[in-house]
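**Student:** Okay, here's the structure, questions in a sec.
The values are calculated or read from the model by the stated rules, or taken from the named source; none is laboratory data. Note that the structure is predicted; figures quoted are calculated from it, not measured. Cβ coordinates were reconstructed from backbone atoms using ideal geometry, including for glycine residues, and neighbour counts include every protein chain displayed. The protein model used for the area step is the full one, side chains on, heavy atoms only, and it has no ligands, DNA or RNA in it. Shrake-Rupley method; radii C 1.70, N 1.55, O 1.52, S 1.80 Å.
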Amino acid sequence: MTWPVEVGGHGRSTLERYVMVEEMLAAGAPVGAHWVADRQSGPQILRHGSPRARREILPGIAAGTCFFAIGMSEPDAGSDLAAVRTRAVRAAGGWRVTGTKIWTTFAHHAHYVIVLARTAPAGDVRQSGLTQFVCDLGKPGVEVRPIVNLAGTHEFNEVILNDYFVEDDFVVGSVGEGWSMVTAELAFERSGPDRFLSAYPLLERAVEHIREGRPDDRAAEAIGGLVARLATLRHMSTSVAGMLQGGENPMLQAAIVKDLGTALEQDTPEVLRPILDVAPSLDDGPLARELAHTILHAPSFSIRGGTREILRGIIARGAGLR
């Protein structure tokens with residue numbers, strides 16, 4: 001919605017996009033296919049990509065025919081992105097990339113992945129010498145391996161790059177600016193309504209269910225507390241959206257929204273469970289299924305997009321406490 005018309009967008013404001021995204025999430029719409037490309041990869045290419053990358057990739061994203069995955073996390077590196085071991089070395093007309101990325105959600109459906117790789121030794125500053133590349137998952141030199149979870153479903157993947165060639169036109173930003181590109185990208189990833197509305201469909205069904213009877217003081221207090229936290233987070237999140245609209249990099253503010261938002265998402269099923277006369281079940285009615293679904297997925301809420309510990313380190317550093 002916010003992109004220029006010439007690349008397939010509508011030239012609308014960040015707030016207008018926010019309203020649309022919020023309504024889709026609140027309704028539980030299936031948004032996974034386009035999500036990464038629209039939320040962060042596309043804006044990165046729009047701002048920092050070459051004219052060729054913008055011309056070849058952005059219209060497909062806008063048309064809903066081009067999907068992206070995130071190539072940041074690596075085996076053995078945990079949440080420490082500065083410890084990535086994927087390397088890119090100079091080659092004629094581009095770079096040769098070798099390394100492994102992990103937890104790349106829906107990479108088996110994606111057309112591209114933006115890969116963070118080391119292009120120079122770190123030196124005294126570990127975050128230096130990093131560069132981001134747009135890698136075509138359909139080209140030779142890349143393999144996507146599924147990671148099947150305990151429930152037998154497949155969302156995550158390993159992405160293995162072996163002497164993969166990427167042209168200079170598909171560097172994001174300038175060589176060596178990968179860390180600033182990543183922090184800007186994470187501000188898009190961490191601050192939106194998707195970081196506090198994952199459990200909203202459960203809250204809405206619970207309110208409808210409780211309304212059928214007369215809520216007692218305990219239920220009213222529980223619902224009121226959740227709604228108050230939700231209202232606060234919406235205000236904070238729209239403020240970050242305004243900062244992004246103005247071209248700022250609100251990394252600290254986005255980390256705060258994400259930390260508080262995922263806490264609300266994880267608390268929601270635990271707060272509602274004692275006041276509902278419905279047991280969680282994937283086989284029963286809508287409320288029971290929504291409750292079960294949220295309970296099963298809640299542990300992941302504080303991991304995706306940066307763990308709680310990493311976020312609080314960012315917040316402490318931004319507040320001058322470390």
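**Student:** Give the residue, chosen from 302, 281, 239, that is open to solvent by less than 70 Å² (accessible area, probe 1.4 Å) and under 23 Å from residue 70 (Cβ atoms).
**Tutor:** Going through 302, 281, 239 in turn, the sole match is 302.
Quick grid of which residues meet (1) in contact (Cβ under 8 Å) with a residue 24 or more places away in the chain; (2) under 24 Å from the mean Cα position of the chain (by Cα); (3) not in a helix (DSSP H, G or I):
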site: 187; (1), (2), (3): yes, yes, no
site: 197; (1), (2), (3): yes, yes, yes
site: 201; (1), (2), (3): yes, yes, no
site: 204; (1), (2), (3): yes, yes, no
site: 207; (1), (2), (3): no, no, no
site: 218; (1), (2), (3): yes, no, no
site: 221; (1), (2), (3): no, no, no
site: 226; (1), (2), (3): yes, yes, no
site: 230; (1), (2), (3): yes, yes, no
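**Student:** Restricting to region 232-270, and then to whatever is of a type outside the set (Asp, Glu) and not in a helix (DSSP H, G or I), can you tell me which residue is nearest to residue 192 (Cα to Cα)?
**Tutor:** 250
**Student:** For region 265-276, which residues satisfy the criterion of being open to solvent by 40 Å² or more (accessible area, probe 1.4 Å) and under 10 Å from residue 206 (Cα atoms)?
**Tutor:** Listed by number, the list holds a single entry, 273.
**Student:** Looking only at region 55-79, count every residue that is open to solvent by 60 Å² or more (accessible area, probe 1.4 Å) and modelled with pLDDT under 90 and tell me the total.
**Tutor:** Residues in region 55-79 being open to solvent by 60 Å² or more (accessible area, probe 1.4 Å) and modelled with pLDDT under 90: 1 in total.
**Student:** Turning to a different aspect of this structure: Every residue in region 85-99 that is among the aliphatic types (A, V, I, L, M) and touching a residue at least 60 places away in the same chain (Cβ under 8 Å), please. Show your work before the answer.
**Tutor:** Step one: of region 85-99, the residues among the aliphatic types (A, V, I, L, M) are 88-89, 91-92, 97.
Within region 85-99, 88, 91, 97 meet the criteria.
**Student:** Would you confirm whether any residue within region 233-243 is in contact with an Asp or Glu (Cβ under 9 Å, 6 or more places away or on another chain), under 30 Å from residue 47 (Cα atoms) and of a type in the set (D, E, K, R)?
**Tutor:** yes
**Student:** Checking residue 211 against (1) assigned to a helix (DSSP H, G or I); (2) in contact (Cβ under 8 Å) with a residue 60 or more places away in the chain; (3) out of contact with any Ser or Thr (no Cβ under 9 Å at 6 or more places or on another chain): exactly one of these is not met. Which one?
**Tutor:** Single failed check for residue 211: (2).
**Student:** Here's a check for you: in region 14-54, which residue that is open to solvent by less than 40 Å² (accessible area, probe 1.4 Å) and in a loop (DSSP other than H, G, I, E, B) is farthest from residue 200 (Cα to Cα)?
**Tutor:** This residue is 50.
**Student:** Looking at region 165-193 only, could you name the residues that are over 21 Å from residue 51 (Cβ atoms) and of a type outside the set (Phe, Trp, Tyr)?
**Tutor:** 182, 183, 186, 187, 189, 190, 191, 192, 193
**Student:** So which residues in region 149-178 are closer than 20 Å to residue 33 by Cβ and without any contact (Cβ under 8 Å) to a residue 40 or more places away in the chain, if there are any at all?
**Tutor:** Within region 149-178, 149, 153 qualify.
**Student:** Tell me, yes or no, whether region 273-288 has at least one residue that is touching a Leu at 6+ places or on another chain (Cβ under 6 Å), in a helix (DSSP H, G or I) and without any contact (Cβ under 8 Å) to a residue 60 or more places away in the chain.
**Tutor:** no
**Student:** Could I ask something else about it? Looking at (1) open to solvent by 40 Å² or more (accessible area, probe 1.4 Å); (2) within 30 Å of residue 211 (Cβ to Cβ), can you tell me which one residue 262 breaks?
**Tutor:** (1)
**Student:** Still on this structure, please answer the following. Exactly one condition in (1) in contact (Cβ under 8 Å) with a residue 24 or more places away in the chain; (2) open to solvent by 50 Å² or more (accessible area, probe 1.4 Å); (3) under 16 Å from residue 183 (Cα atoms) is false for residue 250; which is it?
**Tutor:** Every listed condition holds for residue 250 apart from (2).
**Student:** If you don't mind, another one. I'd like the full set of residues that are open to solvent by 70 Å² or more (accessible area, probe 1.4 Å) and assigned to a loop (DSSP other than H, G, I, E, B), limited to region 93-110. Don't jump to the end; show me each part of the working.
**Tutor:** Step one: filter region 93-110 for residues open to solvent by 70 Å² or more (accessible area, probe 1.4 Å), giving 96, 103, 106, 109.
103, 106, 109, listed by residue number.
**Student:** Restricting to region 173-197, what's the tally of residues that are out of contact with any Pro (no Cβ under 8 Å at 6 or more places or on another chain), under 16 Å from residue 232 (Cα atoms) and among the small types (Gly, Ala, Ser)?
**Tutor:** Total meeting the criteria: 1.
**Student:** Would you call residue 85 surrounded by fewer than 21 Cβ atoms within 10 Å (Cβ to Cβ) and under 25 Å from residue 302 (Cα atoms)? If you could, list the steps in order and put the result at the bottom.
**Tutor:** Numbers: surrounded by fewer than 21 Cβ atoms within 10 Å (Cβ to Cβ): yes; under 25 Å from residue 302 (Cα atoms): yes.
So residue 85 passes the test.
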